[in-house]
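Written below as C-alpha cells is the structure these notes are about.
The values are calculated or read from the model by the stated rules, or taken from the named source; none is laboratory data. Computed from a predicted model, the values in this text were never measured in an experiment. Cβ sites come from the backbone with ideal geometry, for glycine too, and all protein chains shown count toward neighbours.
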Amino acid sequence: MPGVTIFKEPTKHDRICSDHFITGKPSNDPLHPDYVPTLKMISTKTPTRITRGTLRKKRLPSDDLQKRKEAANALLTMTKAQPKPKRPQHKQRAIQTDPDPRAILDQAKLNHLEKEIALLQRINSQLRAQRQGFEDALKRSLEMADEAKKRKLDQGAGDQEKFDNSNCSLFNDFTVKKVLREDPRSKTISLYGSLTKGEHKSADAVVLLERKPFEVPTVEESLHKTRTSETLSNDIYSTHDGFSPGLSADLKVTVICPCTEKHISKYSEHEPFLVRETPELYKTVTEPCMAQSKFSIQWVYNILEKKTESERIVEEDPDPDLGFVLLPDMKWDRKNVDQLYLVAIAHKHGLRSLRDLGSDHLPLLENIRTKALAAIKEKFGVASHQMRVYLHYQPSYYHLHVHFTNLRLDSPPGSDVLRAHLLDDVIDNIRSDPEFYQRTTISYALREGDELFKWYKKAGYFGTDEGQSQNKTGESESSTVVINLG
C-alpha cells in the first residue's frame, strides 16, 4: 500500500552499520537496546535503500524497547510472510539434435518407391491405352479384310458374269503378225500385229500383257474351284496343271495404239552389245543422239504440272530446284508391298542423265533420297535399309528420275550392273570429285535395235563387219501388241 513502511530483515553488514551509527559500537543482537535494523522504504514506486543519512534522520528512540521489539517482530513476520520474487520464466529453447541417418535413409527410400510406383502406374496406363488401340486397329483391319474379300468375290462373280454375257473383246479384231519378245522367267510376251478399234481401220499398236499376282483374299476360294490334272508323281512330290475358275483378273493388259517404230523396237528381241562410253564418245555420239531423240517427254511434264496422274502422287516437294514428285511405277499394282516400285521425278528441268550431275546437284539428290525414303517408311512401312535406290544409265527417258524398289522384288528390270547406279554411290562419287561423271567412263548395254546403237554403229564403234539387224517390223498398216504374262 502507498505510504507503508516495511521492515526488511537486515544483513550482517546492515546490523554492523546501524549499531555503529546509533550507539557508537557494533551489535549483532537484534534484541539489544541499541540495535536498529536497516530500514527500506517499500511503496508502489521503485524501493529506495536507506542510507546512512536517512538513519540519522529516522533514528528510533533508544528508550522505547518495547516498541523496538514489536517493530522487529513485525519486520520478521512480514519478511517471512512475503514471498520471494520469482525469477522470470524464459521459454526453453528447443534442443536441436542431429537427425537419425537411418530415418533419413528410410524416408528417401520411401520417396523413391512412391515415385517408382507413380511412374509404373503411368506406364501401365499408357500400355493399356496402346493395347486397346492395337486391338481396335486389328479389329478394323480384320473387318476391312473381310469386306475386301467379300467385294472381291462379288466383283469376281460380276466380272465373270459380265465376261460370260459378252461376246466381244478388245482383241476380237486383233491379228498377230509376230511375237516380238517372250520372257519365261518374268512370264511376259510381246506381240506384233494389227488392231481395229471400233469403226476405225486397223493401226499400229503396242499391247503389254502381264500375269498379275495372286489375290490373297480370294486365293482360298479360287483353290476350292480350281480343276487340276496330275503331270508327275514321285514319292511325296507331285505336280499338276491347274485351271483357275477366273474369280479375279489374271492379266494386266497395256495397249499402245497407234505405235511407232521406236515402240516396236523397244519391245522386240534384240542382240545385246556392250558399250564403254568415254567422255569423248559421250560428246561426239551419245549427246547428239540424245538431242535428236524422237521420244517425247511431254507426259513427264504433265505429271509435274499435275495435268495427269495427280491422284497417284505419293509424295511431293514443290521446290523448283530441290523438289520432286514420287509416284508408283506402272509395273507396280500398289497392292503387294513386296513388289513395291516407285519413281521420283525431279522438278528441275535440263537434267537428262548422270552425265549432267555435279556438285551443284548434291542438295537435290540428298533431298530426294531423304524425303522419298521417309515417305515410303510412313506410308508403306518399308524401312530405308530394305530399299534399292538407283538411277539408270542409259535412262529410258531423258529427264532426271530415281528408282525406288523393295529388295524383296527379285531382279526388277534395269537393276543389273550394266544399267543401275546406286544413288548413294552417285552422291559419294560427286563428293569425291565434283566432275566425276564428266570425266569417267561408263559401261552399259545396248540392244541392236536401239537408236543409240545405230549411232555407235555409224561411228564405227562396233567395226565394219557388223551385220544388219534381222528384226523386221512388217507393213506400216500393221499394229504392235506387247503381252506380258506373269
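Does V417 qualify as being over 27 Å from T278 (Cα atoms) and either in a loop (DSSP other than H, G, I, E, B) or without any contact (Cβ under 8 Å) to a residue 12 or more places away in the chain (or both)?
no
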**OP:** Working carefully through the options Q132, Q160, find the one that is at pLDDT 65 or above, under 30 Å from V216 (Cβ atoms), outside the structural domain of E220 (by TED's automatic domain parsing) and not hydrophobic (A, V, I, L, M, F, W, C).
**Re:** Q132
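Residue by residue, here is whether (1) aliphatic (A, V, I, L, M); (2) surrounded by fewer than 14 Cβ atoms within 10 Å (Cβ to Cβ); (3) modelled with pLDDT of 90 or more holds:
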{"residue": "N302", "(1), (2), (3)": "no, yes, yes"}
{"residue": "K307", "(1), (2), (3)": "no, yes, yes"}
{"residue": "D317", "(1), (2), (3)": "no, no, yes"}
{"residue": "L322", "(1), (2), (3)": "yes, no, yes"}
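Determine whether L391 is modelled with pLDDT of 95 or more and not in a helix (DSSP H, G or I).
yes
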Original post:
In segment 245-301, what count of residues is obtained for those that are free of Cβ contacts under 8 Å to residues at least 60 places away in the same chain and either among the hydrophobic types (A, V, I, L, M, F, W, C) or in a strand (DSSP E or B) (or both)?
Top reply: 2
Original post:
List the pairs whose first member sits in segment 220-239 and is under 25 Å from D250 (Cα atoms), whose second member is in a helix (DSSP H, G or I), and whose Cβ atoms are under 8 Å apart, counting only residues at least 6 apart or on separate chains?
Top reply: E221/L153
Subject >> Of all residues in segment 200-216 being surrounded by 18 or more Cβ atoms within 10 Å (Cβ to Cβ) and farther than 15 Å from I189 by Cα, the one that is modelled with the lowest pLDDT >> reply: E215
Original post:
Which of the residues that make up segment 423-436 are loosely packed, with under 14 Cβ neighbours inside 10 Å and closer than 23 Å to R388 by Cβ?
Top reply: D424, D425, D428, R431, S432
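Considering each of V337, V343 in turn, give the residue that is β-branched (V, I, T) and modelled with pLDDT under 95. Can you show your working first?
Values: V343 fails: modelled with pLDDT under 95.
After applying the criteria, what remains is V337.
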Original post:
Does R439 satisfy the condition of being within 30 Å of H385 (Cα to Cα), surrounded by fewer than 12 Cβ atoms within 10 Å (Cβ to Cβ), at pLDDT 95 or above and among the basic types (K, R)?
Top reply: no
Original post:
Are any of the residues in segment 359-377 more than 27 Å from E210 (Cβ to Cβ), in a loop (DSSP other than H, G, I, E, B), in contact (Cβ under 8 Å) with a residue 24 or more places away in the chain and small (G, A, S)?
Top reply: no
